[in-house]
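Peer 1: I have a structure here, written as structure tokens, and I will follow up with some questions on it.
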Amino acid sequence: MSKRQLAMVMDLNKCIGCQTCTVACKTQWTNRNGREYMYWNNVETYPGDGYPKKWMELGGGFDAAGDLKEGVIPNIEADYGVPWDFSYDEIATFNFRENNPTAAFHADSTPTWGPNWDEDEGAGNFPSDNYFFYLPRICNHCTNPGCLSACPRDAIFKRDEDGVVLVDLDRCQGYRYCIAGCPYKKIYFNSKISKSEKCILCFPRIEQGLPPACAQQCVGRIRFVGFLDDEEGQVHKLVHKYKVALPLRSDYGTQPNVYYIPPTEAPAKFDAEGKIIEGSQRVPMKELETLFGKDVHAAIKTIKAEKDKRAKTGESELMDLLIAYHHEDMFRLDANYYQDVAKAKGANPLAPIDSRYAKGKFTKEIHFKAHA
Amino acid sequence: MKTIIKSLIIAGLATATYAKTPASATAENLINAQRVSNINVANISPSDNIWKNAKSVSVIFYPQTTIKLNDAKANATNKDNKAITAQVSAVYNNSAVAFKISWSDPTQSVQSGNVSDVYPDGFAMQMPVSFSDPKKLPYIGMGSEGRLVLVHLTKATSVHYEPNGNGDVEHQISPHNKNAFGADLKNYNDKVNKLGKNAYTRSFISEGFRSMTELKDGSDKFGMKMTYDAKSKRWTGVVAKQLRDGAADLSKYGALPVSFAIWDGDKYNRGGVKSLSTWLAVKLQGKAGGDALVKELTAKPQGDVKAGQAQVEAMCASCHTLSPTKQAASPFMAPNLNNIGGYSTNAYLAESIKDPNAVVVAGYNRNAHKGFAWYNVDAKTGKRTSTMPAMMSDDKSINDAVAYLKTLKAEVAK
């Protein structure tokens, strides 16, 4: 366990599935260098197979005794989906005068799966009881990470300063046990460099007091970022004070640090005549229990009670938090904190503070003494 | 009916030959390296003239079963692995030693392109960084604390790249992101390809499982190559290393300990799932010294197998799995001894029974099976102490136990 833990809370009532977070992350980190197929941040429709395909059935995480469980490593074409490209080059060089002037514009592969492949399909029958909601997912920067535990080379580490889980690319040799060990399948294999890579919680931004790109760009203002032990912070209040933000699939035993406000605001079901069934629940509680555990009942009760209280009295701290009047208030980060850590280590406060990560990237010489 | 009888006879014959082969091959564990004039270390090749008169010996490779990692498909595929036989030959001169190793693999697996679950075939050679007492060689599984090994590894990969492109990040951008077409795009792609490396060939220094660290300072002077013959369905790998380089000095010995590992990509083999040999003695023909090492590594255990079995089953079986039918209470409790007789030396087994702290096997990631710590770490000194108590102290019991433990190994595949 780290000294402090950064956490993110995502309000599922407010996610509109616009994928702005996905694109923010992709352009920042994964549109190059063998990461093209990876989505460190993705938004999937629930219920649905998700990304990678059926990730919840691929194993990993821990059993009740605390032993790491076996898992399956997804296939790039069948389970992740290979990013295809169009024949721009062919068109740019195509001699339309000499050849039959038909545009030779086509995809370079025939995809069978990809992120968000089953968008908005959901479950149930339209319009009486169909339902779905969006589930944005990043690495959970778990307190007990499955990926870290699976690595036979100790190449994955958890930063003491903020609990961010990172891959030491110098130690990683591309065995991929981490992928089997992560029950969320949020660590990926980069075949170009033959090493594993994952969401870094935008640590170079975090260290400068900026939120991760996915949270900064979120148009629905669904993402809160802060330290769990910061009692004045929204993250602490939502997770520990009101207990309305819950970890995803905590039954995997990795103690994830991304928390979700469960979806409460679905319309009621309709009967055969299309009339509203009063008091009915469109999103089945059973599904929410699967995702967020038994605590979801209490969380939903609290949210509804606070909503009523706000309607009646005009006051509710929880509702004010969830409305998020000012985007900047959703992030409680502290560049000074990181500078103090850097100072204590005697490091340059402007450089990324994690020496181990930096070393992994740039070290030319790691050497045991010969003839010792 | 005829066919059934015929196949039964063949099966019978097969068992008969099997009974002979491993006995003679494992008892040997000796490779005679012939002296040659010139070894081209950096560009060693299986077709070099130096191999012309080199005699090969059979070496048996046992499946690594000491720990079981968490890839469900790999575990299912490799569950009933048998030992495999490879042909190994060696040559040397004053400054270098080279090995040729040839093994059967019905499928050529190359890691190439955009893949997530494809693994390459490969092989590795392991040597101690230094050694003095042949009874205290490094632990076969990548060395142990204070007994360092040097590992040279090559895998069948197509182009792969350094994470930071050796500083040239600009040429790591996907061609699709490059605003270039036609000749410009081709030039760009050519430059990108130049940054890639065609063979995944690396050296590591290691003092135990999990500690393996890549050498990146160029101090390791070695060369490796592997080629696949589609007709005979065999890989031939060669590895040459300078006897003295910045990483190790083995120039003074008349015999060297060496071990090899083989990966079968088709069976999801990679770190942790592989076949490995025990420490083999390489006698440098015509060079004095090394007799003690040869004697130690070729010696047959002298103890009483039956007496050893009774002791081991009584004292060790509650923590250690001894065979597929003699399972410990939990597979994570202690090193699995299924193939210990295949890849461990007599001396290592005796030493570990007497003093479990002499070599502490690092085993699993410390966070994977928290209920089963294989060792404790002294907070002040960082020294590891095995959680296994010393089991036997009299030589007779230890010799008997070693004799039994040496019988624990997989069958050899035909």
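Peer 1: Would you mind getting me the FRET efficiency between B:Ala288 and A:Asp85? Use the beta-carbon distance for r and R0 = 56 Å, nearest 0.05. Walk me through the intermediate numbers first.
Peer 2: On the way: r = 64 Å, r/R0 = 1.15.
Once the sixth-power term is evaluated, E becomes 0.30.
Peer 1: If you wrap a convex hull around the Cα atoms of the range A:1-130, how much volume per residue is inside, in Å³?
Peer 2: Numbers: hull volume 27.5 nm³, N = 130.
Value for the range A:1-130: 212 Å³ per residue.
Peer 1: Just flag the GluC sites (Glu not before Pro) in the range A:223-279 sitting in loop per DSSP whose Cβ has no more than 10 other Cβ atoms within 10 Å.
Peer 2: In loop regions of the range A:223-279 (DSSP not H, G, I, E or B), the sparsely surrounded GluC sites (Glu not before Pro) are A:Glu231, A:Glu232, A:Glu273, A:Glu278.
Peer 1: Across the range B:211-225, in residue order, what do the Karplus-derived ³J(HN,Hα) couplings come to in whole Hz, using 6.51 cos²θ - 1.76 cosθ + 1.60 with θ = phi - 60° and x for Gly and Pro?
Peer 2: 9, 3, 10, 6, 8, 10, 9, x, 6, 8, 9, 8, x, 9, 7
Peer 1: Also, I was wondering about something else. Any number yet on Rg/Rh for the range A:153-196, C-alpha, Kirkwood?
Peer 2: Details: Rg = 10.5 Å, Rh = 10.9 Å.
Over the Cα atoms of the range A:153-196, Rg/Rh equals 0.96.
Peer 1: How high is the relative contact order of chain B, in percent, counting Cα pairs under 8 Å that sit 6 or more residues apart? Intermediate values should be presented prior to the final figure.
Peer 2: Working: 862 pairs, mean separation 89.5, N = 414.
Dividing the mean separation by the residue count of chain B yields 22 percent.
Peer 1: When the helices in chain A are scored as -39500 (n - 2.57) per DSSP H run of 4 or longer and the sum is shared across all residues, what 222 nm value do you end up with, to the nearest 500 deg cm²/dmol?
Peer 2: -5500 deg cm²/dmol
Peer 1: Can I ask one more? Check the straight Cα-Cα distances from A:Lys301 and name the lysines below 26 Å, setting aside those fewer than 8 residues away within the same chain.
Peer 2: A:Lys14, A:Lys237, A:Lys241, A:Lys243, A:Lys269, A:Lys275, A:Lys286, A:Lys309, A:Lys312
Peer 1: Right, another one. Using square roots of five times the C-alpha gyration tensor eigenvalues, list the equivalent-ellipsoid semi-axes of chain B in whole Å, biggest first. Write out the running numbers ahead of the final one.
Peer 2: Working: eigenvalues 261, 133, 124 Å².
Output for chain B: semi-axes of 36, 26, 25 Å.
Peer 1: Now, a different point. Using only C-alpha atoms and all pairs of different ones, pull out the Kirkwood radius for the range B:227-386 in Å with one decimal.
Peer 2: Numbers: mean 1/r = 0.0520 Å⁻¹.
About 19.2 Å for the range B:227-386.
Peer 1: Same structure again: Semi-axes, largest first, in whole Å: what does sqrt of 5 times each Cα gyration tensor eigenvalue give for the range B:242-313? Write out the running numbers ahead of the final one.
Peer 2: Numbers: eigenvalues 163, 123, 18 Å².
With the √(5λ) rule applied to the range B:242-313, the semi-axes are 29, 25, 10 Å.
Peer 1: Just tell me how shielded A:39-51 is by partners: mean number of partner chain Cβ atoms within 10 Å of each residue's Cβ, no decimals. Don't skip to the answer; put the middle values down first.
Peer 2: Working: counts 0, 0, 0, 0, 0, 0, 0, 0, 0, 0, 0, 0, 0.
Neighbouring Cβ atoms belonging to other protein chains average 0 per residue here.
Peer 1: Follow-up. Any chance you could tell me what percent of the C-alpha pair distances in the range B:327-390 go past 20 Å? Kindly include the intermediate steps, with their values, before the conclusion.
Peer 2: Working: 623 of 2016 pairs.
So the portion of pairs separated by more than 20 Å is 31 percent.
Peer 1: Separate question: Quote the convex hull volume per residue of the range A:270-343, based on C-alpha atoms, as a whole number of Å³. Intermediate values should be presented prior to the final figure.
Peer 2: Working: hull volume 13.0 nm³, N = 74.
It is 176 Å³ per residue.
Peer 1: So for the range B:278-359, averaging the separation of alpha carbon pairs under 8 Å that are six or more residues apart and normalising by length, what relative contact order in percent results? Display every interim value, and only then the final one.
Peer 2: On the way: 55 pairs, mean separation 21.5, N = 82.
Across the range B:278-359, relative contact order equals 26 percent.
Peer 1: Among B:Val169, B:Val88, A:Val23, which comes first, second and so on when ranked by fewest other beta-carbon atoms within 10 Å? Provide the component values of the computation, followed by the final result.
Peer 2: Numbers: B:Val169 12, B:Val88 23, A:Val23 15.
Ordered from fewest to most neighbouring Cβ atoms within 10 Å, B:Val169, B:Val88, A:Val23 come out as B:Val169, A:Val23, B:Val88.
Peer 1: Contact order normalised by length for chain A, with contacts defined as Cα pairs under 8 Å and 6 or more residues apart; what percent is it? Numbers along the way, then the final one.
Peer 2: On the way: 701 pairs, mean separation 82.8, N = 372.
With pairs under 8 Å counted, the relative contact order is 22 percent.
Peer 1: Classify chain A from the C-alpha gyration tensor, please: rounded if a/c falls under 1.5, else prolate or oblate depending on whether a/b exceeds b/c.
Peer 2: Numbers: a/c = 1.67, a/b = 1.12, b/c = 1.49.
Because a/c hits 1.5 or more and a/b fails to exceed b/c, chain A counts as oblate.
Peer 1: For the range B:27-105, what does the alpha-carbon gyration tensor say about shape, rounded, prolate or oblate, given a ≥ b ≥ c as the root eigenvalues, a/c under 1.5 as rounded, and a/b over b/c as prolate? Numbers along the way, then the final one.
Peer 2: Details: a/c = 2.91, a/b = 2.30, b/c = 1.26.
Judged from the Cα gyration tensor, the range B:27-105 comes out prolate (a/c at least 1.5, a/b above b/c).
Peer 1: Here are some pairs, A:Lys54/B:Lys267; B:Lys155/B:Lys186; A:Lys3/A:Lys158; which of them have Cα atoms lying more than 18 Å apart in this structure? Please report the intermediate quantities before stating the final value.
Peer 2: Values: A:Lys54/B:Lys267 24 Å; B:Lys155/B:Lys186 28 Å; A:Lys3/A:Lys158 10 Å.
Violating the 18 Å Cα-Cα cut-off are A:Lys54/B:Lys267; B:Lys155/B:Lys186.
Peer 1: Once amide H atoms are placed 1.01 Å from N in the peptide plane, what residues at a sequence separation of 5 or more from A:Ile261, or on another chain, have their amide H within under 5 Å of its amide H?
Peer 2: HN-HN under 5 Å from A:Ile261: A:Met10, A:Asp11, A:Leu12, A:Leu246.
Peer 1: Can you compute the FRET efficiency between B:Ser318 and A:Ala65 using 1/(1 + (r/R0)^6), with r the Cβ-Cβ distance and R0 = 22 Å? Round to the nearest 0.05.
Peer 2: Details: r = 17 Å, r/R0 = 0.79.
With a Förster radius of 22 Å, E is 0.80.
Peer 1: Further question on the same structure: For the range A:25-127, run through the trypsin sites (Lys or Arg not before Pro) and keep only the ones in DSSP coil with at most 11 other Cβ atoms within 10 Å of their Cβ.
Peer 2: Numbers: sites: A:Lys26, A:Arg32, A:Arg35, A:Lys53, A:Lys54, A:Lys69, A:Arg97; in loops: A:Arg32, A:Arg35, A:Lys53, A:Lys54, A:Lys69, A:Arg97.
Of the trypsin sites (Lys or Arg not before Pro), the ones in loops of the range A:25-127 whose Cβ has at most 11 other Cβ atoms within 10 Å are A:Arg97.
Peer 1: What's the Cα-based Rg to Rh of the protein assembly as shown, Rh via Kirkwood?
Peer 2: Working: Rg = 29.7 Å, Rh = 29.3 Å.
Dividing the radius of gyration by the Kirkwood radius yields 1.02.
Peer 1: Given +1 on the Cβ of Lys and Arg, -1 on the Cβ of Asp and Glu, and no further charges, what dipole in debye does the range B:305-405 carry about its Cα centre, rounded to the nearest 20? Present the calculation step by step, with values, prior to reporting the outcome.
Peer 2: Numbers: 9 positive and 7 negative charges, 76 e Å.
Here the range B:305-405 has a charge dipole of around 360 debye.
Taken together, the values in this text are just the output of simple stated rules run on the coordinates, not laboratory data. Keep in mind that what you see is a predicted model, and the values were worked out from it rather than measured. Virtual Cβ from ideal backbone geometry, glycine too; neighbours counted across all protein chains shown.
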